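A short write-up of the structure that comes next.
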């Protein structure tokens with residue numbers, strides 16, 4: 001493999017890792033194996049630490065393709081807990097408020113979910129990397145400050161109910177770049193006249209790259225460590 005000339009790697013991001021952790025570990029392994037000080041490594045689409053699934057990693061000259069991958073459609077499997085919210089709308093924080101759920105039926109969910117299909121305006125969650133006056137929103141949130149985040153126009157191509165057993169709701173979502181699934185969980189909870197937060201999130205596709213095309217981190221790192229500077233091997237898609 002030629003990491004300087006450019007490689008594109010498909011990784012199944014582990015639970016608990018940040019996207020930076022994945023990039024940093026791959027960069028370190030490449031540098032250590034090939035005994036080079038600098039190599040460009042970047043990713044096409046951030047995943048929260050509590051999310052897993054498809055990440056596209058670009059190295060060397062292939063980093064020029066990152067924006068191309070970022071704009072491709074993404075697919076997620078999201079698991080929501082209805083009737084409760086957290087400050088981050090996922091499991092990063094403890095539940096801060098509870099809401100009634102007895103009125104929520106499958107019929108109500110079948111009515112509400114289609115309202116999120118198509119172009120929607122979404123306000124990012126406070127615990128996000130969105131910049132406000134040069135400062136990340138999550139930094140304001142951690143300092144206990146409230147700032148106004150502007151809604152963004154997004155496209156949700158598909159939203160499908162996979163399973164429902166109160167208070168757990170599992171959905172499949174196909175959406176555009178910049179969609180916050182935590183914010184979608186928040187908005188679905190509100191539309192159901194209740195509350196909701198994510199308990200699990202898996203990205204199953206970016207463009208044509210699916211989860212089954214991805215390698216586990218340990219497998220990929222071991223593969224890189226077995227490559228010498230004079231060898232070129234291909235990681236199968």
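With the crude spin-label approximation of a point 7 Å out along Cα→Cβ, what separation in nm comes out for residue 210 versus residue 98?
Going by the 7 Å Cα→Cβ label model, 4.1 nm.
Antiparallel as a % of all DSSP beta bridges within region 101-216, to the nearest 5?
That works out to approximately 100 percent antiparallel.
Label residue 190 and residue 119 with points 7 Å out from Cα along Cα→Cβ: what is the distance between them in nm?
It works out to 2.0 nm between the two label points.
Note down, for the chain, the three equivalent ellipsoid semi-axes (square root of 5 times each alpha carbon gyration tensor eigenvalue), biggest first, whole angstrom.
For the chain, the semi-axes come out at 36, 19, 16 Å.
Figure the gain on full extension for residue 136 and residue 67 (residue separation times 0.36 nm, minus the Cα-Cα span) and round it to one decimal in nm.
22.7 nm
Arrange the peptides 33-43, 191-201 so that the one whose residues have, on average, the most other Cβ atoms within 10 Å appears first.
Going from most to least packed, we get 191-201, 33-43.
Points 7 angstrom from Cα along the Cβ direction at residue 28 and residue 108: gap in nanometres?
Going from the residue 28 label point to the residue 108 one covers 4.8 nm.
Where does each of 55-66, 15-26, 136-147 land if you order them by average Cβ count within 10 Å, highest first?
55-66, 15-26, 136-147
Applying 1/(1 + (r/R0)^6) with R0 = 25 Å to the Cβ-Cβ distance of residue 148 and residue 46, what FRET efficiency is obtained, to the nearest 0.05?
It comes to 0.65.
In degrees between 0 and 90, to the nearest 10, how far off the longest principal axis of the chain does helix 19-34 point, with axes built from Cα atoms?
Computed tilt is about 10 degrees.
Can you bin region 74-206 into rounded, prolate or oblate? Criterion: square roots of the alpha carbon gyration tensor eigenvalues sorted a ≥ b ≥ c, rounded for a/c under 1.5, prolate for a/b above b/c, oblate for the rest.
Because a/c hits 1.5 or more and a/b fails to exceed b/c, region 74-206 counts as oblate.
Readers should treat all values here as calculations from the given coordinates under stated rules, not as data from a laboratory. Remember, it's a predicted structure, so these values are computed and weren't measured experimentally. Note: ideal-geometry Cβ built from the backbone for every residue, glycine included; neighbour counts use all protein chains shown.
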